Amino acid sequence: MRQSKNFIPTLKEVPADAVIPSHILMVRAGMVRMLSAGIYSFLPLGYKVLKKIIEIIREEMDAIGGQEFHLPALNPKEIWEQTGRVEAFGDTMFHVKNRDYVLAPTHEEIMTYHAKGALKSYKDLPQIWYQIQTKFRNEPRPRSGVIRGRQFLMKDAYSFDSSWEGLDKSYEMLDKAYRKIFDRVGIKYFVVGASSGAMGGSKSEEFMVRSDAGEDTVAYCEHCGYAANVEVAQSVIEPVKRHTESREIYEISTPNVKSIDELCEFLKIDERETAKSRIYIYNDEPVLVLMSGNDEVNETKLENVLGGAVRPAHPDELKEITGADAGSIGPIGFKGRIIADLRLKDGNNLYSGANKNDYHIGGIDLKRDVPQIEYFDLRTVQSGEKCTRCGKELEVFKAIELGHIFKLGTRYSEALGAEFLDENGQSQPIIMGSYGIGVERVLACFIEQNHDEKGILWKKPLAPFDVHLLGLNMKKEVVSETSEKIYKELTGAGYDVLFDDRVDAQAGFKFNDADLIGLPVQVIVGERGLKEGTVEVKVRKTGDRAKVKTEDLLAYLKEIFK
RNA sequence: CGGGGCGUAGCGUAGUCCGGUUAGCGCGCCUGCUUUGGGAGCAGGAGGUCGCAGGUUCAAAUCCUGCCGCCCCGACCA
């Protein structure tokens, strides 16, 4: 493809509203342009890459017997009401104003609608149906370019089985297909077991990519592959010591001491000798949550323990409930439920707030002084703690969710009446699974992982072209003739070539554009080299350059692409 | 939805606090000449409802009010 005749509007300057590398580079390389917050237009270069991702996904889905559909994005609201998801999605769902339609944020309902009455017998099952199509979600805050948009491409797949064992098989097939897809694309990913969340169902796993732009925080063990969202992650952690002798309780005046750090400093004690109290409100009742030292309460874990939503108590509530402000609250004398992190189990000789401003209490023996206390895992895992599986160090970092697979069960088939007749002539709800990949996220994540200060570093599978052919000074006949010849030669040999044949662009301009666009290999044709019958071949990623005789070029490239 | 920032030509911006000629600069664009191995030089040129609406004033990019849009942090999130 000739660059002189094609629309690849590269930018020298960083667009003001882009922050993360993938977003900046996608805009600068002329791949996308923003139309509105969270809504992006794909330009030819960007769309070319997107199509490559789609093709890889399609091949792997087809390889496991998936059948490609194309469902409408415009859906009758009625179907969504039958599963209760108009309410569940709430403001996240786009509603059409002048007719009772919604814009589909996902397609469980519509796929199930089509399965109903069509998959009538156990003999019709299993099936894997999928599509690659636009989803609409009214995200309150789109961000990070294409990573969180209000309109985005999703590969969504649905499995239909007649038994739970069948679902297990389908799920496993999809799991394998996903691994193949991400491997082929060339992304470094890891898999996290996740709670199924609002979609309903049992088992689910997320395919994640490490990135500072991520919206999930995960704990990951490089050594054994343990990975979990911090909301549920666990680690091996030393419990507080139980001293052989319990001291008596005593009150200490601690003027202006609020934080655990200040308390430790004031009393010259270790953080592990303290118990931090936080008050949460659950069902309008206060619950005192006791943590060791500066350990952080994990609100998701707390909610799982209590069985519903919690919120931290407001400052004025604290005073009313405990008689003290934050920083002076403790379990002694607290009337109400007290739960503590497992790390504190049966701890003694502990220091905590006195429920009286500027006072703390020492010598607390939780076993003796707080007999009604309950223990649960409530901590948030921190980097450097030990993996529960292999004992090596865990790392906590941000990650982007690329794909999610889960076992749905019968939630949608029951709600929509999608049933089949089993071997005994009994009507049963179809057992379903649901599997998604964010297509643009694959693109953005790839760039997040593969770029340098000059631009993108494509690998062959996603590269919009294989080779960037640069004719440096196209006004010189030797250069234009040779590069034209090479262009034909490479194209004839099956390479997809982007040919920078622009006549008026300076050499430096072309080099920088080529580095920005980042095709794997650059073939540089200049007067200088041609004098000795060579062109230069530069590998973008390593920066390695080699002078190659024009007649050896094809053989040389073959070697590089091997 | 809460907090913060921003909105001036296709892009990046100065000017706004403290109102006052024709709104300035760089990139890009057009014409001509020169130049061509790391974002060229000279000369000439085009391009602006200063986000929108209202108000204050002799006078508004600048001050006031409302709205809209965009970015960041948080809340939320299949």
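The values are calculated or read from the model by the stated rules, or taken from the named source; none is laboratory data. Here the structure is a predicted model, which means the values were calculated and not measured. A quick note on method: Cβ atoms are made from the backbone with ideal geometry, for glycine too, and the neighbour counts reach across all protein chains shown. Ligands, DNA and RNA are stripped out before the accessible areas are found, and what is left, the full protein with its side chains, is counted by its heavy atoms. Shrake-Rupley method; radii C 1.70, N 1.55, O 1.52, S 1.80 Å.
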List the residues whose amide H sits under 5 Å from the amide H of A:Ser211, counting only those 5 or more places along or on another chain, with H placed 1.01 Å from N in the peptide plane. A:Lys398, A:Ala399, A:Ile400
When 1/r is averaged over all different Cα pairs and the result inverted, which Kirkwood radius in Å belongs to chain A? 27.8
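With +1 on the Cβ of every Lys and Arg and -1 on the Cβ of every Asp and Glu, and nothing else charged, how large is the dipole of chain A about its Cα centre, in debye rounded to the nearest 20? Spell out each step's value before the answer.
Numbers: 76 positive and 87 negative charges, 381 e Å.
Dipole size: approximately 1840 debye.
Rounded to the nearest 500, what is chain A's calculated 222 nm mean residue ellipticity when only DSSP H runs of at least 4 contribute -39500 (n - 2.57) each, over all residues?
Rounded to the nearest 500, it is -8000 deg cm²/dmol.
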Exposure of A:His114 as accessible area (Å², to 10), given a probe of 1.4 Å and all protein chains: 80
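What trypsin sites (Lys or Arg not before Pro) in segment A:5-42 are in a loop by DSSP, with at most 13 other Cβ atoms within 10 Å of the Cβ? Present the calculation step by step, with values, prior to reporting the outcome.
On the way: sites: A:Lys5, A:Lys12, A:Arg28, A:Arg33; in loops: A:Lys12.
Loop-located and lightly packed - A:Lys12.
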Qualifying GluC sites (Glu not before Pro) in segment A:439-543, DSSP loop, other Cβ atoms within 10 Å at most 14: A:Glu453, A:Glu532
Semi-axis lengths, Å, segment A:467-560, gyration tensor of Cα atoms, sqrt of 5 times eigenvalues: 17, 16, 13
Using θ = phi - 60° and the Karplus relation 6.51 cos²θ - 1.76 cosθ + 1.60, list the HN-Hα couplings for segment A:387-402 in order, rounded to whole Hz, with x at every Gly or Pro. 5, 6, 8, 10, x, 7, 6, 8, 10, 10, 8, 7, 8, 9, 7, 8
Karplus-derived 3J(HN,Hα) from phi for segment A:408-422 (6.51 cos²θ - 1.76 cosθ + 1.60, θ = phi - 60°), whole Hz, x at Gly and Pro, runs 7, x, 10, 4, 7, 5, 5, 5, 9, x, 8, 10, 10, 9, 7
What are the membrane-span-like helices in chain A by this rule: whole DSSP H runs, Cα extent along the axis at least 24 Å, mean Kyte-Doolittle hydropathy at least -1.0? A:44-63, A:164-185
With all pairs of different alpha carbon atoms counted, what Kirkwood hydrodynamic radius in Å does segment A:1-158 show? 18.0
Spelling out what I want: for every residue of segment A:132-148, take phi, set θ = phi - 60°, compute 6.51 cos²θ - 1.76 cosθ + 1.60 (Karplus), and round to whole Hz; glycine and proline get x. 10, 7, 7, 10, 10, 9, 7, 4, x, 9, x, 6, 6, x, 7, 6, 10
Would you mind getting the accessible area per residue of chain A, heavy atoms of the protein chains only, 1.4 Å probe, in Å²? 47
What longest range of chain A stays clear of loop-exposed chymotrypsin sites (Phe, Trp or Tyr not before Pro) (DSSP non-H/G/I/E/B, at most 16 other C-beta within 10 angstrom)? A:8-560
Please give me, ordered by residue number, the trypsin sites (Lys or Arg not before Pro) of segment A:385-476 that lie in loop per DSSP and have at most 11 other Cβ atoms within 10 Å. A:Lys475
In whole Å, what are the Cα extents of segment A:250-376 along the three principal axes, biggest one first? 38, 30, 23
Amide H to amide H under 5 Å from A:Phe94: which residues, 5+ apart in sequence or cross-chain, H placed 1.01 Å off N in plane? A:Leu103, A:Asn138
Answer in debye to the nearest 20: the dipole magnitude of segment A:250-376 about its Cα centre, from +1 Lys/Arg and -1 Asp/Glu charges placed on Cβ, is 280
Using alpha-carbon pairs under 8 Å, 6+ residues apart, how would you state the relative contact order of chain A in percent? 16
Area accessible to solvent at A:Glu165, 1.4 Å probe radius, in Å²: 120
